[in-house]
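Every number in this text was worked out from the coordinates using simple rules, so none of it is lab data. Please read these numbers as outputs of a predicted model, since none were measured by experiment. In this analysis, Cβ positions are derived from the backbone assuming ideal geometry, glycine residues included, and neighbour counts consider all displayed protein chains.
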Amino acid sequence: MKSGQLSPWKIASVFEQSVTLMNQRPVPSFPGGVFQAAVLVVIGMTCQANAVTDDFNRVALGPDWTVRSGSFNLNGSTVGGTNGSLMTYGPGSGQQSATIDVFFDGTGSIQYGALVLGYGSLGQCAFIKIQNDFGGNGDPYIDSGAFYYGNNGTGSFFLISGFNGIESARITATLTGTQATLSIDSNFDGVAEATYTYNYTGLTFGTGVGVGIFGNTRLDNFTVPAVPEPSSLALATLGLFGVMLLGRFHRRQSPAQPGGRG
């Protein structure tokens, strides 16, 4: 756990103190930390959601994906597509970040793999990619990237150094407001060797997320963070309310203590 980060048990203790302040009198101590345990259960309902990953281990896209341009094909383990293809992922709508594994085939023909954030239309989205063959030099390795607006549209195209001999990487893109980042992890170990930033100043975005592809690129393991469903949030709220009521009920049912009030 990082320094300064609250543990779940500490969060539960803080919540108990908050309830005490709300009631203007102490919340009774439940045997064996029952109160804190109950709070931990409710916290877990909203804090332990896992990221959503599509590993493409099938032969058809399925209903979660919507093809916006071109066409895509699956081979049982990865997904590829025709030049300039783009598709969006329904369950990821509204997310501000995504991750994808990108594999070039080493032939030197132009290839890119892109993450799409803030999709509103083919002309309105953050199109964040890595590419080979910078300047048509036939280089089969990762050597360039872009923060484009629209499907392989216009924006910032830049040289990437330090990846000579590398044909695959896990990329992560984020879009917060108009500020975007691109991180490249060629070791697939969760540690980025390079990170780039860009500001889409003055531009507007939608809420869709997805991927783009060109050439013989293959993509795998598309991942977006999980967002608790409204039903889960409602259930968590009810759970917290129930814990508070349980505290009140326990206090009222407790027998009066000698020399004091119950």
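Which ³J(HN,Hα) values in Hz, rounded to whole numbers, follow from the phi angles of segment 205-218 under the Karplus curve 6.51 cos²θ - 1.76 cosθ + 1.60, where θ = phi - 60° and Gly and Pro get x?
These are the phi-based 3J(HN,Hα) values: 9, x, 10, x, 10, x, 9, x, 8, 8, x, 8, 4, 10 Hz.
Got a sec to turn the phi values of segment 171-179 into Karplus ³J(HN,Hα) couplings, 6.51 cos²θ - 1.76 cosθ + 1.60 with θ = phi - 60°, whole Hz, x for Gly and Pro?
Each residue of segment 171-179 in turn: 10, 10, 10, 10, 9, 10, x, 10, 8 Hz.
Quick one: which residues, 5+ away or cross-chain, put their amide H under 5 Å from the amide H of Gln111? H built at 1.01 Å from N.
Asn132
For the pair Thr82/Val191, report the inter-label distance in nm, with labels modelled 7 Å from Cα in the Cβ direction.
Taking the simple label geometry, Thr82 and Val191 are separated by 4.3 nm.
How much length is gained if the chain between Asn199 and Ser109 is pulled fully straight, taking 0.36 nm per residue apart and subtracting their Cα-Cα distance, in nm to one decimal?
On the way: separation 90, 0.36 × 90 = 32.40 nm, distance 2.98 nm.
Full extension from Asn199 to Ser109 adds 29.4 nm.
So how much slack lies between Val67 and Gln179, counting 0.36 nm per residue of separation and subtracting their Cα-Cα distance, in nm? Let's see the in-between values first.
Values: separation 112, 0.36 × 112 = 40.32 nm, distance 2.60 nm.
Full extension from Val67 to Gln179 adds 37.7 nm.
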